Structure formats: C-alpha cells, structure tokens
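*Asks:* Dropping the structure in here first, questions after.
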Amino acid sequence: MKITFIGGGNMAKALIGGLIKRGYSPSKMHVVEVSKEKSAELHNEFGVRATPELAVAVAHAEVLILAIKPQQLQEVALQLAPILAGQLVISIAAGIRTQDMARWLGTHNIVRCMPNTPALIRSGVTALYAMPAVVPEQCHRAESILSAVGSTLWVDDEEMLDAVTAISGSGPAYVFYFIEAMQQAAYELGLDEAQARQLVLDTFLGASKLAESSQEDVALLRGRVTSKKGTTEKALLSMEASQVKQGIVAAIHAAAARSRELGDELGKDA
Ligand SMILES: NC(=O)C1=CN([C@@H]2O[C@H](COP(=O)(O)OP(=O)(O)OC[C@H]3O[C@@H](n4cnc5c(N)ncnc54)[C@H](OP(=O)(O)O)[C@@H]3O)[C@@H](O)[C@H]2O)C=CC1
Ligand SMILES: O=C(O)[C@@H]1CCC=N1
C-alpha cells in the first residue's frame with residue numbers, strides 16, 4: 001500500500017518510524033513537507049522520499065495521511081481537492097471535523113483518527129472514526145496502517161475524538177510531565193541521573209504492566225502500596241492537599257475543550 005504523508009513533523013515521524021519497524025518499505029512512503037531541513041532529516045532518518053510538491057506525491061498514493069497542524073489543514077485540503085483521485089484520506093489533526101474536511105476536499109472518503117507518539121516504537125494507541133460513506137475495505141485499510149504502530153479502537157460518535165485527543169493523544173505529555181517531576185525529586189534526594197532514570201522509568205513500566213495484567217481496579221493496586229502510617233500514605237495525603245487529581249482531571253477537560261474549540265474555530269470557511 002502506497003502512503004503519502006502531508007506534513008512531516010513530529011507525529012508523521014512517529015508513524016513513519018513505527019511503520020518501518022513493522023516492516024513497511026520506506027520506498028512505499030512519500031512525505032510532502034515544506035521545510036527543506038525537515039525533508040532532508042526524513043530522508044536521512046527513514047529513507048523516505050520527501051518533497052514540497054503535492055501533486056506528484058498524491059498521484060502515487062493509495063492513502064493520504066493529513067499530518068499537518070489543524071491551522072494548516074483547510075489550506076492544504078483546498079489544494080488537494082482538484083488532484084484527489086479516489087484515495088482514502090486519513091486525518092490525524094486534532095479538532096477538525098470530517099464534515100468540514102469533506103467540504104474542503106470534495107470527498108467523503110475520510111477517516112479521522114487520533115494516534116499518539118509512542119507509535120514510533122509501535123506502542124501507540126489510536127482511535128478512529130469513519131465517515132458513513134467509507135466502505136469497509138477502506139476502514140480496514142486505515143485500521144491496518146494504525147494497528148501496525150499500536151492498538152486501535154473505533155468510535156462511532158465523532159465527538160468522542162475530542163475526549164480521545166485529551167486522554168491518549170495528549171496523554172504521553174502528561175506522563176512525561178509526571179516523570180520529569182519524579183526525576184526532579186530523585187535528584188533533590190541525592191540520586192544521580194542514571195539512577196533516577198532507571199528508578200522512575202522502571203516504576204512507570206512496572207506499574208503500567210501490573211495494572212494491565214490485573215483484573216482489579218487500580219485504586220485497589222494503589223491501596224496495596226499504601227501501608228498504614230507509611231511513606232506512600234504521606235505522599236498521597238500531600239497530593240490530596242495539593243489537589244493533584246482534581247488538577248489533572250481539570251487539565252484533561254481543558255484539552256478536550258480546546259479540541260472542540262479548534263473544530264469550531266477552524267471548521268469555518270476562510
Ligand atoms: N504531536 C502529537 O503528539 C500528535 C499530533 N497530532 C496531530 O498531528 C498533526 C501534526 O502534529 P505535529 O506532527 O505535532 O506537528 P508538526 O508541526 O511537528 O508537523 C507538521 C508539519 O507539517 C509541515 N507543513 C506545514 N504546512 C505544510 C504544507 N502546506 N504541506 C506540507 N507540510 C506542511 C510543517 O512545517 P512548518 O513547521 O514549517 O509549518 C511541519 O513540519 C496535528 O494536526 C496534530 O493535531 C495527533 C496526535 C498526536
Ligand atoms: O497538542 C496537540 O494539539 C496535539 C494533539 C494531540 C497531541 N498533540
């Protein structure tokens with residue numbers, strides 16, 4: 001399957017890197033990227049062809065992946081409209097709704113999805129939504145691309161993609177933020193960089209694997225760490241006092257609201 005990415009930034013790189021690790025041939029992937037430096041990087045790092053020319057890269061593709069910023073999408077879609085030739089269009093852009101893309105692109109053959117950057121190591125998770133006109137074979141195509149770089153799920157209500165964006169699309173950043181905080185504490189407590197890295201990352205990996213393998217609620221797993229009058233209890237009380245959980249929940253609501261807002265703001269015709 002020949003895939004053309006439009007936009008060769010962070011998320012396109014994560015998908016391309018993951019697909020190559022899965023065995024996709026770089027020769028089957030094109031990238032349309034305006035920046036010469038980024039194009040050279042893409043070629044050197046992944047061996048894919050990167051060009052600023054839309055027409056040639058689109059003509060060769062069976063699937064187009066829109067990986068530009070939401071603010072760039074309308075302009076690119078309007079350029080694509082006259083040169084599309086029945087290709088499946090997959091958008092990974094936050095917020096932008098399929099009905100708006102369909103109007104700009106002149107096709108309903110659109111799958112909107114929300115991947116995340118762990119796709120680079122084939123540990124991503126992607127939620128997908130297909131416009132009603134997309135035939136099962138094309139849905140399968142989209143799923144096969146995204147499932148090559150991690151797990152996938154379908155949502156039948158497009159609005160749920162705003163929630164997905166806030167949870168798993170942006171989610172790696174929240175996890176990295178928590179890791180940064182734990183590393184900072186580790187340094188302050190006298191551990192060196194290598195020790196802090198090992199202790200923090202293995203704790204995240206171990207706790208995630210335990211939660212995944214367990215049938216029990218994570219609150220119960222947390223309870224097993226928390227000895228009466230012990231250290232964890234002290235830490236969790238401190239987090240409660242600082243309203244850490246409420247802060248995280250509020251932050252995720254803010255991200256979902258921003259996704260909806262992007263759709264409202266950028267979905268209007270310029
Ligand atoms: N980063 C993430 O974790 C995730 C991002 N997404 C979505 O993926 C999309 C891309 O995000 P991300 O990779 O982070 O953004 P980036 O800014 O890293 O990538 C977008 C790239 O597209 C280039 N570009 C701009 N205009 C054009 C054009 N007309 N033709 C071709 N290329 C162009 C940009 O160049 P320049 O910088 O010069 O403008 C940039 O290199 C967004 O819509 C985002 O919502 C979805 C899931 C997760
Ligand atoms: O921050 C953003 O808007 C994008 C969408 C999800 C992750 N990054």
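Nothing in this text is a laboratory measurement; each read-out follows from the coordinates by a stated rule. Just so it is clear, the model here is predicted, and its values are computed rather than measured. So basically every Cβ, Gly included, is an ideal-geometry build from the backbone, and we count neighbours across all protein chains shown.
*Asks:* Could you grab the pairs with beta carbons closer than 7 Å, sequence gap of 6+ or different chains, first residue in the range 173-199 and under 25 Å from residue 11 (Cα atoms) and in contact (Cβ under 8 Å) with a residue 24 or more places away in the chain, second one among the basic types (Lys, Arg) and outside any loop (DSSP other than H, G, I, E, B)?
*Replies:* Matching pairs, first to second residue: none at all.
*Asks:* If you don't mind, another one. Check the range 180-202 and report whether any residue there is within 16 Å of ligand 1 (Cβ to nearest atom) and among the small types (Gly, Ala, Ser).
*Replies:* Checked the range 180-202: no residue is within 16 Å of ligand 1 (Cβ to nearest atom) and among the small types (Gly, Ala, Ser).
*Asks:* Quick one: residue 168 ticks every box in (1) more than 23 Å from residue 87 (Cβ to Cβ); (2) out of contact with any helix residue (DSSP H, G or I) (no Cβ under 9 Å at 6 or more places or on another chain); (3) not in a helix (DSSP H, G or I) bar one, so which box is it?
*Replies:* Of everything listed in (1) more than 23 Å from residue 87 (Cβ to Cβ); (2) out of contact with any helix residue (DSSP H, G or I) (no Cβ under 9 Å at 6 or more places or on another chain); (3) not in a helix (DSSP H, G or I), residue 168 misses just condition (3).
This table checks each residue for (1) in a helix (DSSP H, G or I); (2) under 25 Å from residue 258 (Cα atoms).
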{"residue": "129", "(1), (2)": "no, yes"}
{"residue": "132", "(1), (2)": "no, no"}
{"residue": "138", "(1), (2)": "yes, no"}
{"residue": "152", "(1), (2)": "no, yes"}
{"residue": "156", "(1), (2)": "no, yes"}
{"residue": "163", "(1), (2)": "yes, yes"}
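*Asks:* Continuing with the same structure: For the range 230-265, what are the residues that are assigned to a helix (DSSP H, G or I), more than 21 Å from the chain's Cα centre (by Cα) and of a type in the set (S, T, N, Q)?
*Replies:* 231, 232, 238, 246
*Asks:* Considering only residues that are aromatic (Phe, Trp, Tyr) and more than 16 Å from ligand 2 (Cβ to nearest atom), look in the range 141-200 and name the one that is nearest to the chain's Cα centre (by Cα).
*Replies:* Selected residue: 154.
*Asks:* Another question, if that's okay. Of the residues in the range 225-270, how many are hydrophobic (A, V, I, L, M, F, W, C) and more than 13 Å from ligand 2 (Cβ to nearest atom)?
*Replies:* The qualifying residues number 11.
*Asks:* Restricting attention to the range 1-12, does a residue exist that is more than 18 Å from residue 69 (Cα to Cα) and in a strand (DSSP E or B)?
*Replies:* So far as the range 1-12 goes, yes, one or more of its residues are more than 18 Å from residue 69 (Cα to Cα) and in a strand (DSSP E or B).
*Asks:* Taking only pairs six or more apart or across chains, which ones have beta-carbon atoms under 9 Å, a first residue in the range 13-40 that is near ligand 1 (Cβ under 10 Å from one of its atoms), and a second residue that is part of a helix (DSSP H, G or I) and hydroxyl-bearing (Ser, Thr, Tyr)?
*Replies:* Once the first residue is near ligand 1 (Cβ under 10 Å from one of its atoms) and sits in the range 13-40, its partners that are part of a helix (DSSP H, G or I) and hydroxyl-bearing (Ser, Thr, Tyr) give 13/117; 14/117; 31/39; 33/39.
*Asks:* Next up: Working carefully through the options 147, 91, find the one that is surrounded by fewer than 24 Cβ atoms within 10 Å (Cβ to Cβ) and of a type in the set (Gly, Ala, Ser).
*Replies:* Working: 91 fails: surrounded by fewer than 24 Cβ atoms within 10 Å (Cβ to Cβ).
Just a single option satisfies the conditions, and that option is 147.
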